[in-house]
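*Asks:* The structure that follows is given in the form of structure tokens.
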């Protein structure tokens, strides 16, 4: 069973210490992976017996895992019908990306304005993420690329030191998970995404707030276009 490391989705972003995960938590993360990468489609019912058989576990941890998924924004429960993968409409997608652009732009501006004692360690961390994203992109590893992509953005979000800001970003990101990972499965989209992150990284490194904010808006807007009008 694959154990994922998705910021905002599998961990409390405000608690760096994570205890060993229970079977139900591991089932939860595997179901997330199945949803995020299109093995279970939007609008599809999550069948306890099928998931139980596929993962080789009893239905008890599966039931617990499905109950715990609803707050992530990935699923919805319908009375007397069961748990379904949530559908994201084009209008909702546009609204979410507009909000994400605003939040990311603020985060990168704050990153540019950090004193060197804080900005330089951030740059070093972002460089590690860029190198990992580059390796994943070249290897065609969508899962790893997506994880490092999320981690890159989370490093800038943490700079804001604003719990409500972080919680809002977490909520929006969770709702966008349904479409982002599938989009990044395409090599051309991953390559474009990497170049956009490079622009963000360069602007933060140069403390160019205008370029950083513009790069954040460009990244969000282009990501939305890739989803709505895939090449």
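Throughout, read-outs are computed from the coordinates displayed, never taken from laboratory work. Quantities reported herein were computed from a predicted structural model and do not represent experimental measurements. Cβ: placed from backbone, ideal geometry, glycine included. Neighbour counts: every protein chain shown.
*Asks:* For the chain, count the residues as N, evaluate 2.2 N^0.38 Å, and divide the Cα radius of gyration by that value, please.
*Replies:* Working: Rg = 18.0 Å, N = 231, 2.2 N^0.38 = 17.4 Å.
For the chain, the normalised Cα radius of gyration comes out at 1.03.
*Asks:* Per the helix-only calculation at 222 nm, which mean residue ellipticity applies to the chain, given -39500 (n - 2.57) for every DSSP H run of n ≥ 4 and division by its residues, nearest 500 deg cm²/dmol?
*Replies:* Working: 9 runs with 158 residues, N = 231.
Value at 222 nm, helices only: -23000 deg cm²/dmol.
*Asks:* When a/c is below 1.5 the answer is rounded, else prolate if a/b is larger than b/c, else oblate, so apply that to region 12-126 with a ≥ b ≥ c taken from the square roots of the Cα gyration tensor eigenvalues. Intermediate results must be reported in sequence, preceding the final value.
*Replies:* Numbers: a/c = 3.22, a/b = 1.69, b/c = 1.91.
Oblate is the answer for region 12-126, as a/c is 1.5 or above yet b/c matches or exceeds a/b.
*Asks:* To test your reading of the geometry: what angle, between 0 and 90 degrees and rounded to tens, separates the Cα axis of helix 209-228 from the longest principal axis of the chain?
*Replies:* 30 degrees
*Asks:* In cubic angstrom, how much convex hull volume per residue do the alpha carbon atoms of region 169-220 span? List each step's numbers first, then the result.
*Replies:* Details: hull volume 3.9 nm³, N = 52.
That works out to 76 Å³ per residue.
*Asks:* Ok, one more. I'd like the distance separating the alpha-carbon centroids of region 64-93 and region 158-218, in whole Å.
*Replies:* 24 Å
*Asks:* Using a simple spin-label model with points 7 Å from Cα along the Cα→Cβ vector, what separation in nm is obtained for residue 188 and residue 91?
*Replies:* Spacing of the two 7 Å Cα→Cβ label points: 3.0 nm.
*Asks:* Please report, largest first and rounded to whole Å, the three semi-axes of the ellipsoid equivalent to region 36-102, where each semi-axis is the square root of five times an eigenvalue of the C-alpha gyration tensor.
*Replies:* Details: eigenvalues 144, 28, 25 Å².
So the three semi-axes of region 36-102 are 27, 12, 11 Å.
*Asks:* By per-residue mean of other Cβ atoms within 10 Å, what is the highest-first order of 44-50, 107-113?
*Replies:* On the way: 44-50: 14.3, 107-113: 22.0.
Answer by packing, highest mean first, reads 107-113, 44-50.
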